[in-house]
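The values are calculated or read from the model by the stated rules, or taken from the named source; none is laboratory data. From a predicted model like this one, the values you see are computed outputs, not experimental measurements. A quick note on method: Cβ atoms are made from the backbone with ideal geometry, for glycine too, and the neighbour counts reach across all protein chains shown. Heads up: the accessible areas ignore ligands, DNA and RNA and are worked out on the full protein's heavy atoms, side chains in. Shrake-Rupley method; radii C 1.70, N 1.55, O 1.52, S 1.80 Å.
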Amino acid sequence: MNVPKHLRYTEEHEWVKVEDNKVKIGITDFAQDELGDIVFVELPEVGDEVTKDEPFGSVESVKTVSELYAPVSGKVVAVNEELADAPELVNESPYEKAWMIEVEPSDISEVDTLLSPEDYEKHIQED
């Protein structure tokens, strides 16, 4: 399983990348592998507010629909529109091309409460 060392993670299998006081959010390689072929991604609109640990969208695969949970609270400043036409990017490139939303966090320190790569690796081994 690919777990990049420069990211933070949630127990619900979202990844977070901090850039210029904003956070990009997607789902992990482990999550896309467990879900199978992704056929649809539902995301919020730019300007929407998201709340830490609350659902902000969903990913639909051939097997199931899985909710996406916000790792931080804040305002959505960008949405990956490519995923509407190419949801398979989540399977092909979960960390690069398939970021889902970018959030301007109301409290950047919430990132510090997320799992380190090492802790996330332990978490998926226990799952």
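List, in order, the whole-Hz ³J(HN,Hα) value for each residue of the range 84-99 obtained from phi through the Karplus relation with A = 6.51, B = -1.76, C = 1.60 and θ = phi - 60°; use x for Gly and Pro.
With the stated coefficients, the range 84-99 comes to 5, 9, 9, x, 5, 4, 4, 6, 7, 8, x, 9, 10, 7, 9, 4 Hz.
Taking the dipole about the Cα centre of the chain, with the C-beta of Lys and Arg at +1 and of Asp and Glu at -1, give me whichever of PRO105, PHE30, PRO44 is farthest to the positive side.
Selected residue: PRO105.
Based solely on its DSSP helices, what 222 nm [θ] is calculated for the chain when runs of n ≥ 4 H residues each add -39,500 (n - 2.57) and the sum is averaged over all residues, nearest 500 deg cm²/dmol?
After summing the helix terms and dividing by the residues of the chain, the value is -4500 deg cm²/dmol.
What residues qualify as long-range amide H neighbours of SER61, i.e. H under 5 Å apart, gap of 5 or more or another chain, H built at 1.01 Å from N?
When sequence neighbours closer than 5 places are left aside, the close amide H contacts are VAL39, SER66.
Rolling a 1.4 Å sphere over the protein heavy atoms, what is the accessible area per residue of the chain, to the nearest Å²?
For the chain, the solvent-accessible area averages 52 Å² per residue.
Ranked highest first by the average count of other Cβ atoms within 10 Å around their residues, in what order do 43-52, 27-36 fall?
27-36, 43-52
Return the sequence-ordered ³J(HN,Hα) values of the range 36-51 in whole Hz as given by the Karplus equation 6.51 cos²θ - 1.76 cosθ + 1.60 applied to θ = phi - 60°, using x for Gly and Pro.
Karplus-based 3J(HN,Hα) across the range 36-51 equals x, 5, 7, 10, 7, 10, 10, 10, x, 9, 4, x, 5, 9, 10, 10 Hz.
Give me the compactness ratio for the range 22-118, meaning the Cα radius of gyration over 2.2 N^0.38 Å.
Dividing the Cα Rg of the range 22-118 by 2.2 N^0.38 Å gives 1.02.
Computing the accessible area with a 1.4 Å probe over protein heavy atoms, can you report the carbon and sulfur percentage for the chain?
Within the chain, the accessible surface is 41 percent carbon and sulfur.
Take each of the peptides 5-17, 101-113, average the number of other beta-carbon atoms within 10 Å over its residues, and list them starting from the highest.
By packing density, highest mean first, the sequence is 5-17, 101-113.
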